[in-house]
Amino acid sequence: MRFFQLALLAATAPLILSASSVDFTSSNDTVSFNGNYPGTLTLGSNNCTKGKDPTCTLTGSQDISGTNYTFTFSMPNDSKSPFSYDGEPSTITTSGSPILDFSISDSHGDSATGTFALTSLASDSTPRIGFDGVDIDGTLKISSITSGANISTFDSLFGLPSSSSLSFVLDVGYCTAGERYASCIEQIDPTAQFLSLDITPGTPGKSSAAPEPGTFGLLGVASGAMFIGVRRRRSQKS
């Protein structure tokens, strides 16, 4: 199993794309791709020890116009990951009914929580040190929104609560196998760096596919697509 560290590889300020895409480019957590057949992947693999911690958590943050926003993906730390893939490009299959939690919050007490799903993997077609990175696409379903002191800006940024869909892509690259750079999608379990996480209200994600069995470290997260049924529950903070 290889680990990756999330690094700030874009501009210091977040990139806000058309259709209100929000780009997160900072995280210290890892994602591992394990070279079994079919391959499996684990988000936040640096935050969980097999047989000890109940969950694995991938967290990142971004300063946007003076407000800090934090996202979190949480999945079970089982003996085998529920996420599997077969080659590249590939859909991602989820076995069983794992608890897959997602949350996003700001430094003013505003937050949204729900669940996530991973749908596919594919090359990002962007060579870095001679090798393409990999996009991981997924979907989100928001089930609860908590109001803080900046709720109108929070809602506007992420298209809540009116948006019925969100999207994300985890983009990984600068993959290494041992001490050398390598293709992210190959049998020798390279480690990939985190690039960025883009969240886009109201837009389906692009198709992605999976690396061949291998362990990746992530240093970035990018943009993609998720569909969200939004059921809003606000609790007003005093």
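Scalar couplings 3J(HN,Hα) for region 134-149, obtained by applying the Karplus form with A = 6.51, B = -1.76, C = 1.60 to θ = phi - 60°, are 9, 9, 10, 8, x, 10, 10, 10, 7, 10, 8, 10, 10, 8, x, 8 Hz; x denotes Gly and Pro.
Annotation: amide H-H contacts under 5 Å for Ala182 (H modelled 1.01 Å from N, sequence separation of 5 or more, or interchain): Cys175, Thr176, Ala177. Counted by neighbouring Cβ atoms within 10 Å, the residues Val134, Val22 run from fewest to most as Val22, Val134. Karplus-based coupling profile of region 74-79, in residue order and whole Hz: 10, 9, x, 9, 8, 4, with θ = phi - 60° in 6.51 cos²θ - 1.76 cosθ + 1.60 and x standing for Gly or Pro.
Taking a ≥ b ≥ c as the square roots of the Cα gyration tensor eigenvalues, with a/c under 1.5 meaning rounded and otherwise prolate when a/b beats b/c, else oblate, which class fits region 84-131? Here region 84-131 falls in the oblate category. Available extension along the chain between Thr55 and Thr94 is 12.4 nm, counting 0.36 nm per residue and deducting the alpha carbon span. Under a 5 Å amide H cut-off, with hydrogens placed 1.01 Å from N, Val169 pairs with Asp198, Ala222, Ser223, Gly224 among residues at least 5 apart or on other chains. Phi-derived couplings, Karplus 6.51 cos²θ - 1.76 cosθ + 1.60 at θ = phi - 60°, listed residue by residue for region 108-124: 10, x, 8, 7, 9, 10, x, 10, 9, 9, 9, 10, 6, 10, 6, 4, 8 Hz, with x used for Gly and Pro. Footprinting exposure proxy ranking of Asp124, Asp198, Asp86, fewest other C-beta atoms within 10 angstrom first, gives Asp86, Asp124, Asp198. Annotation: amide H of Asp110 within the under-5 Å range of Gly148, Ala149, Asn150, sequence separation 5 or more or interchain, hydrogens built in the peptide plane.
Computed from the coordinates by the stated procedures, all read-outs in this text should not be read as laboratory data. Just so it is clear, the structure is predicted and the values come from calculations on it, not from any experiment. Methodologically, a virtual Cβ is constructed for each residue, glycine included, from the backbone with ideal geometry; neighbour enumeration extends over all protein chains shown.
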